[in-house]
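Please read the structure below before turning to the comments.
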Amino acid sequence: MPALAQIKPAQIQTLDSTLTILHQQAMFNGAVLVADHGKVLYKKTFGKANIATNEPLTTRSAFNLASVSKQFIAMMAMMLEKKGKLHYDDRVKQYLPAFPYETITIRHLLTHTSGLPEYFDLVLAHRNTLDTLTNTKLLQLLAEFKPKPNFEPGERWEYCNTGYILLASVIEKAANMPIETFFKQQITEPLGLKDTYIYTLEMQQSPAGRVFGFRRENGLEIPNDLMRFDGVVGDGNIYSSVDDLLKWDQALYTEKLVSAKTMKLAFTPVKLNNGTTQPYGFGWRIDSTGQVLSHTGGWVGFLNEIVRDTKKQQTTIILSSGTDGVARNCIKAILAGKKPEIPKLELISNIRLIDGTGSPARACSVRLRDNKVWETGALTAFPGETVTDGGGRVLAPGFIDSHSHHFGGLQDSPGGLALVSQGVTSIVIGQDGNSYPIDTIERILQKTPVAINVATYTGHTTLRETVMGEGDVLRIAKPEEVVQMQILMKAEMDKGSLGLATGLEYERAFYSNRSEVVDLAKTTAASGGRYISHIRSEDVSLDEAIDEIIQIGKEAKLPVQISHIKIAKRDRWGYAPTLLAQLENARASGVDITADCYPYDFWRSTLRVLFPNRDYTSPASAEFAVNQLFDPEKSPLLHYAPHPEYSDKTVLEVAAMRKETPAQTLMYLIAAASEFDEKHPDYQGNTEGIMGKSMDEPDLESFLAWPHTNICSDGSWGGHPRGYGAFTRVLGRYVRERKIISLESAVFKMTGLAAEHLGIGDRGIIAPGYHADLVLFDPATVQDHATIQQPDAISSGIEKVWVNGKLVFENQKTTGQFPGFFIKRK
Ligand SMILES: [Zn+2]
């Protein structure tokens, strides 16, 4: 009595419903057959044989089997061996005298142990694109160029299409007739395979029922069938149907073609020269139990698989065109008793797409598939698909903040409200020289998943502190310390750091010299990383600082980026065009220098930065600060612990209260803060802080408009309004109101250009295969509302935000989903 069928009816039902969904949602076009002891449990076709004629598939439609063809080629070799026409250990050269390798045998070809290189590269290198490849031409190419084998025959196992083409040529020679004739006489006619044939160039017309390959691209079906390699036979190019393949499968349990003993060889793992075995026989893959035999076949337009469980006598045949691997994975999961992973689709329709490349907006739809963008274009909804109506708004890639200080606050606000409410979906941290080790970041993100993606640079100051000691960084690093820093840098690069970030204006890095930075930058460059810098001065020594970053780019040969580019010195206001010309010159000389910029003319820091020489009691320096480094009338104290009543007052207002000049007041404020610090060593938070108005809007506008500037916030949770409003401020004030840049250009600067500047691969653009980080916004109303007085006011006009295909922001609120990734350097 035969064993009972082990596939349950419920599994077949799931199989059918899954394939139905996959077909309805354009993820499957093909034929599936499941049999038990030759009895069909499931047999069904979905879709078209020919996209040009709409001819439907039937179970007799013949698909290009691609590599599933190899089992037929191997069978012909076995039949010739049985007839004494060849021997497995015969040298190939005996049959093909032009073959330039002495020791390769037929067995090596059958088992992928010949060491022959794949033929694709050889053909591309030596034959023009209009030349159709045939078996004879391939042999000529091998004879002419004799490409170096990948290994000695029998030393290793390496899947090899070249070998099976040669095998087909050997078969023709041994059988003394065209292979298609031998195939017909010996296999298809005896077994009654009516839909199975070898495709050859000589065929005047395609046999009826031939399936034509296609692919789906942005909602369209595009022909994707035989190409110029397809004059060859052996590695593929046998066509067959599911009906025929079941007959073939059943014949392999009998002795209709060869004896059981011969058949067994096809199912025996190949033994290498060193005695180990590899799970491949003659044209079949063999699983670890030795009982499940299978082969896949993928070639332009086609994706197939046959699986034969010889113990349970169950057979699964999947033939498809215009399909990716998902149906195959689902079928195998279902038959193994597991839940299939059907991709989740979402169609976002009725939008103006600004794709992040700088291209003009266009009306279309975008389809997401799990966490990626699947397609864009004129798309219609599939049955059962989630549809989001974009209401005619702009859909853009989620914004990438190339200079963010938000990471610390994400632990308390994993929804990332400050960021997603302005459309930001990825932040880049590790800026101004301070970073966490990547292991730490990944651990933090694992413990508290967040809504947005995070990438990091490796901080120069952090490397100094680690190697030189936290208390000993106000000096030049010793050569051996630089070597230690380089080792740490390399390790972080290997873990996916974007590159080296410095904060040379800050005390803890200020004492480094240029050669230390260049050495670290060279290590970074060797790993394909980049350099980003809060340069050594943004005011009194701006020229030297710009020169330094250009030199670093030149000497270390890596892309360099100026963080939050600005001119913070009054007598240099209006100098932005000159500075940009200097940067353009550097670019023309081969230095890939770029910048990021936040859209405000005031910074936030400590009062002490107003004394670049750190001479806080010098009346002359105070006078210089008041005249050149900030505007006392427009610069409020954020908070001031020694005199809380001064908080939120401008320096000019405080001076009036104190009946002093602003310079006198400035000196007093620093002295009183120092005294306060000494008396209150345990005081939590900053003693003082100032919002320094020190830039000029025309300069800012020049910087924003420079083609090599991307947008950043330099923000965090509160304090400076840029933490909540930088990106929406660009869209509202500088695009809509002041028309400094076009909407498409602004989006490019927030997305595609930022990704390019950072070395981030598959984000920043809306195109098939890119991660689905998206923002839907209304360009007519988008606006920042964060101010110095209310730095955490939320922007308007940002309607929905997705990160990795999940909705994270809607109706001015975070959604409680935390799909953020840690992004590594591409
Ligand atoms: Zn900075």
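General remarks:
- Against the test of being surrounded by fewer than 24 Cβ atoms within 10 Å (Cβ to Cβ), out of contact with any Lys or Arg (no Cβ under 9 Å at 6 or more places or on another chain) and under 18 Å from ASN453 (Cα atoms), the options LYS739, LYS806 yield a single qualifying residue, LYS806.
- Boolean, LYS495 is closer than 21 Å to SER402 by Cα and either surrounded by 13 or more Cβ atoms within 10 Å (Cβ to Cβ) or within 16 Å of the ligand (Cβ to nearest atom) (or both): yes
- Verdict on GLY423 being surrounded by fewer than 20 Cβ atoms within 10 Å (Cβ to Cβ) and either under 23 Å from the mean Cα position of the chain (by Cα) or on the phi > 0 side of the Ramachandran plot (or both): no
- Matching entry among VAL387, VAL394 (being over 21 Å from the mean Cα position of the chain (by Cα) and open to solvent by 10 Å² or more (accessible area, probe 1.4 Å)): VAL387
- Spans of helices (runs of 4 or more DSSP H) in the stretch 1-109 with at least 3 residues without any contact (Cβ under 8 Å) to a residue 24 or more places away in the chain and open to solvent by 50 Å² or more (accessible area, probe 1.4 Å): 9-24
- Every residue from the stretch 430-466 that is open to solvent by 10 Å² or more (accessible area, probe 1.4 Å), hydroxyl-bearing (Ser, Thr, Tyr) and within 16 Å of the ligand (Cβ to nearest atom): SER435, THR462
- In the stretch 186-201, the residues that are open to solvent by 30 Å² or more (accessible area, probe 1.4 Å) and either in a helix (DSSP H, G or I) or under 22 Å from TYR95 (Cα atoms) (or both): GLN186, GLU189, PRO190
- Residues of the stretch 501-516 satisfying the condition of being more than 16 Å from the ligand (Cβ to nearest atom) and either open to solvent by 20 Å² or more (accessible area, probe 1.4 Å) or touching a strand residue (DSSP E or B) at 6+ places or on another chain (Cβ under 6 Å) (or both): TYR511, ASN513, ARG514, SER515
- Comparison of TRP299, TRP248 shows that the only residue that is open to solvent by 40 Å² or more (accessible area, probe 1.4 Å), of a type in the set (A, V, I, L, M, F, W, C) and in contact with a strand residue (DSSP E or B) (Cβ under 8 Å, 6 or more places away or on another chain) is TRP299.
- Selected residue [modelled with pLDDT of 95 or more, out of contact with any Pro (no Cβ under 9 Å at 6 or more places or on another chain) and farther than 30 Å from SER320 by Cβ] from PHE63, PHE99: PHE99
Table: residues versus (1) within 16 Å of the ligand (Cβ to nearest atom); (2) in a loop (DSSP other than H, G, I, E, B).
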site: HIS720; (1), (2): yes, yes
site: GLU756; (1), (2): no, no
site: GLY761; (1), (2): no, yes
site: GLY769; (1), (2): no, yes
site: VAL808; (1), (2): no, no
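- Candidates are the residues of the stretch 546-604 that are within 16 Å of the ligand (Cβ to nearest atom) and of a type in the set (Lys, Arg); the one that is most open to solvent (accessible area, probe 1.4 Å) is ARG604.
- The stretch 304-330, residues that are crowded, with 24+ Cβ neighbours inside 10 Å and of a type in the set (A, V, I, L, M, F, W, C): ILE306, ILE317, ILE318, LEU319, ALA327, CYS330
- Of all positions in the stretch 379-396, none carries a residue that is among the small types (Gly, Ala, Ser) and within 16 Å of the ligand (Cβ to nearest atom).
- Where helices (runs of 4 or more DSSP H) fall wholly inside the stretch 113-185, the ranges with 2 or more residues that are within 28 Å of GLU81 (Cβ to Cβ) are 135-145, 161-175, 179-183.
- Residue check for ASP243: touching a Lys or Arg at 6+ places or on another chain (Cβ under 6 Å) and open to solvent by 20 Å² or more (accessible area, probe 1.4 Å): yes
Quick grid of which residues meet (1) within 16 Å of the ligand (Cβ to nearest atom); (2) at pLDDT 95 or above; (3) among the aliphatic types (A, V, I, L, M); (4) within 13 Å of TYR598 (Cα to Cα):
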{"site": "GLY692", "(1), (2), (3), (4)": "yes, no, no, no"}
{"site": "MET695", "(1), (2), (3), (4)": "yes, no, yes, yes"}
{"site": "ASP699", "(1), (2), (3), (4)": "no, yes, no, yes"}
{"site": "HIS708", "(1), (2), (3), (4)": "no, yes, no, no"}
{"site": "CYS712", "(1), (2), (3), (4)": "yes, yes, no, yes"}
{"site": "TRP717", "(1), (2), (3), (4)": "no, no, no, no"}
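- Search result, residues across the stretch 77-103 that are under 46 Å from the mean Cα position of the chain (by Cα) and acidic (Asp, Glu): GLU102
- Counted residues, the stretch 320-338 - those being more than 26 Å from the chain's Cα centre (by Cα) and in a loop (DSSP other than H, G, I, E, B): 3
- Options SER527, SER533: the member that is within 12 Å of the ligand (Cβ to nearest atom) and polar (S, T, N, Q): SER533
- Qualifying positions in the stretch 339-357 - surrounded by fewer than 23 Cβ atoms within 10 Å (Cβ to Cβ), hydrophobic (A, V, I, L, M, F, W, C) and in a loop (DSSP other than H, G, I, E, B): ILE342
- The set of residues from the stretch 373-398 being within 16 Å of LEU774 (Cβ to Cβ) and polar (S, T, N, Q) comprises THR376, THR386, THR388.
- Odd one out for GLU481 among (1) touching a helix residue (DSSP H, G or I) at 6+ places or on another chain (Cβ under 6 Å); (2) within 23 Å of HIS403 (Cα to Cα); (3) of a type in the set (Asp, Glu): (2)
The values are calculated or read from the model by the stated rules, or taken from the named source; none is laboratory data. What you are looking at is a predicted structure, and each value in this text was computed from that prediction instead of being measured. Cβ atoms come from the backbone with ideal geometry, glycine included; neighbour counts cover every protein chain shown. Just the protein is used for accessible areas: all its heavy atoms, side chains included, with ligands, DNA and RNA removed. Shrake-Rupley method; radii C 1.70, N 1.55, O 1.52, S 1.80 Å.
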